[in-house]
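What follows is a set of notes on a single structure, which appears directly below.
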Amino acid sequence: MKSLKKLLVASTAICGTTFGAYATDLEVTHWWTSGGEAAAVAEFAKAFNATGNNWVDGAIAGSGGTARPIIVSRILGGDPMGATQLNHGRQAEELIEAGLMLDLTDIADAGGWRDVVNPTGLLDSCTVDGKIYCVPVNIHSWQWIWLSHKAYADAGVDVPANWNEFVAAAPALEAKGITPLAMGQQSWQTSGAFGVINVAIGGLDLWTKINVNKDAEAAASPEMAEVFEAFGAARSLSAGSNVQDWNQATNMVITGQAGGQIMGDWAQGEFQVAGQTAGVDYSCLPGLGVNEIISTGGDAFYFPKNDDPAITAAQKELAALMISQPVQVAFNLKKGSLPVRGDIDMSTANDCMQKGLSILAAGNIMPDGAQVLTPDTTSRVEDLLVEFWNDTSMTPADAQAQYAQIISEAE
Ligand code: GAL
């Protein structure tokens, strides 16, 4: 393939045209394999291929938890891809410190990223020692519940407007054989839902005391007991949900087999692919309709260093393209995420994205859990929550006591 390309470059050069001079294959790894995610990533591929380069899709099936170790070990093992997805935050820090990642500062300066990226913290997450090593592509927030209008219509009750109404409506759904809460059985989904319930029911101050200040007393407080009670209610309401992947759980909501799903805004892409309309076929409640706030985590692309100057040029071309205005609009509309720049027209975004955009504009934002807890604390909390989720003999009070202990030992 490569030699064919070289031949093409040589022959076009002889013919006096420049076509093909920049045509380079670039393998791009990511974990976007659901219907909505695949539609979104295809926008990147289309834009990149239009430059004459060739996007070689390196989708890795499974969740980020499966993909990230594969991505990191390929880079460490000397088999780097051309570009790769990771989450905003500290996931690539060691690779950068080891000198394995391409410095994008020149491209970022040329594109004025410092002036356009919003919130600016997204670019800070890409910056190490004053140099920029990634391009943020979206803001993804976790704090949503997605509700099926069909499920509530079939049960003869109104679509809930908040968490309390959601819990109150559950018996009517159960009477019709509908699972109130769809939940995929993977640990990141369990702990993600807990984080959403935590900030919705307990509020941001309580969340901050525990997750940022590592305040064990706050973790053991009566306010936090209410959070654990609500998480216990979620456990009972999802008893009929035995799917694994998050998008299978979203599909239960799309088809009316379940009332709702607590999931990040990437769920929107699934409703779109299924041809459903926000406000007509489904509703979304940010902050579970109780406390409207969004976290500003998301995805960024990194570019492992490569000796081949053609690859480096293609990497920089892709980085610039991913954050360009038209690509930001096209990609994020499909993905259900918010764009990383504030200077673009998102008027065609659906109801749910508009809600997210206005919450962002109002500044009701919070950090992502991964930005404030070490991986060790995160995995201890995750293990505890999974144990609680699977063992119904464990009470919310038991789980809270163990949780407060973990927070007391957190750094
Ligand atoms: C997250 C990622 C989202 C979405 C989600 C589920 O890590 O930030 O873009 O893909 O996983 O696959």
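The values are calculated or read from the model by the stated rules, or taken from the named source; none is laboratory data. No experiment lies behind these values; they were computed from the predicted model shown. Cβ: placed from backbone, ideal geometry, glycine included. Neighbour counts: every protein chain shown.
From the list LEU285, LEU318, the lone residue that is more than 16 Å from the ligand (Cβ to nearest atom), part of a helix (DSSP H, G or I) and surrounded by 23 or more Cβ atoms within 10 Å (Cβ to Cβ) is LEU318. Within the stretch 82-107, residues that are without any contact (Cβ under 8 Å) to a residue 40 or more places away in the chain reach no partner that is of a type in the set (Asp, Glu) and buried (at least 18 other Cβ atoms within 10 Å of the Cβ) with beta carbons closer than 6 Å at six or more positions or on different chains. Of the residues ALA175, ALA161, the single one that is surrounded by fewer than 18 Cβ atoms within 10 Å (Cβ to Cβ) and free of Cβ contacts under 8 Å to residues at least 40 places away in the same chain is ALA175. Every condition in (1) over 18 Å from the mean Cα position of the chain (by Cα); (2) surrounded by 14 or more Cβ atoms within 10 Å (Cβ to Cβ); (3) modelled with pLDDT under 95 is met by PHE19 except one, and the failing one is (2).
Just for helices (runs of 4 or more DSSP H) wholly inside the stretch 69-165: which have at least 3 residues that are within 14 Å of the ligand (Cβ to nearest atom) and either at pLDDT 95 or above or closer than 30 Å to GLN257 by Cα (or both)? Don't jump to the end; show me each part of the working.
Working: elements: 93-97, 105-110, 113-116, 121-124, 149-155.
Because the criterion is at least 3 residues that are within 14 Å of the ligand (Cβ to nearest atom) and either at pLDDT 95 or above or closer than 30 Å to GLN257 by Cα (or both), no helices (runs of 4 or more DSSP H) in the stretch 69-165 meet it.
Once the stretch 351-377 is narrowed to residues that are surrounded by fewer than 17 Cβ atoms within 10 Å (Cβ to Cβ), in contact (Cβ under 8 Å) with a residue 12 or more places away in the chain and of a type in the set (S, T, N, Q), the residue that is farthest from ASN291 (Cα to Cα) is THR374. Filter the stretch 138-158 down to residues that are aliphatic (A, V, I, L, M) and in contact with a Ser or Thr (Cβ under 8 Å, 6 or more places away or on another chain), then give me how many there are. Number satisfying all stated conditions: 2.
If you check ASN49 against the conditions, is it in contact with a Leu (Cβ under 8 Å, 6 or more places away or on another chain) and not aliphatic (A, V, I, L, M)? So that I can check it myself, show each step before the final result.
On the way: in contact with a Leu (Cβ under 8 Å, 6 or more places away or on another chain): no; not aliphatic (A, V, I, L, M): yes.
So ASN49 fails the test.
Would you please name the residue that is nearest to the ligand (Cβ to nearest atom), looking only at residues in the stretch 288-302 that are under 13 Å from HIS30 (Cβ atoms) and hydrophobic (A, V, I, L, M, F, W, C)? That would be ALA300. One residue stands out among those in the stretch 178-189 that are modelled with pLDDT of 95 or more and in a loop (DSSP other than H, G, I, E, B): the one that is surrounded by the most Cβ atoms within 10 Å (Cβ to Cβ), which is MET183.
Within the stretch 203-223, can one find any residue that is surrounded by 20 or more Cβ atoms within 10 Å (Cβ to Cβ) and over 22 Å from PRO375 (Cα atoms)?
Initial filter on the stretch 203-223 (surrounded by 20 or more Cβ atoms within 10 Å (Cβ to Cβ)): 206-207, 209-211, 218-219.
Now restrict to residues that are over 22 Å from PRO375 (Cα atoms): none.
Within the stretch 203-223 (the criterion being surrounded by 20 or more Cβ atoms within 10 Å (Cβ to Cβ) and over 22 Å from PRO375 (Cα atoms)), the answer is no, since none of the residues qualifies.
For the stretch 23-39, how many residues are assigned to a strand (DSSP E or B) and within 12 Å of the ligand (Cβ to nearest atom)? Walk me through it before giving the result.
First, pick out the residues of the stretch 23-39 that are assigned to a strand (DSSP E or B): 25-30.
The next check asks that each one be within 12 Å of the ligand (Cβ to nearest atom); those that pass are 30.
Summing the residues that are assigned to a strand (DSSP E or B) and within 12 Å of the ligand (Cβ to nearest atom) in the stretch 23-39 gives 1.
Against the test of being buried (at least 18 other Cβ atoms within 10 Å of the Cβ) and over 21 Å from GLU317 (Cα atoms), the options GLY78, GLY36, GLY62, GLY82 yield a single qualifying residue, GLY36.
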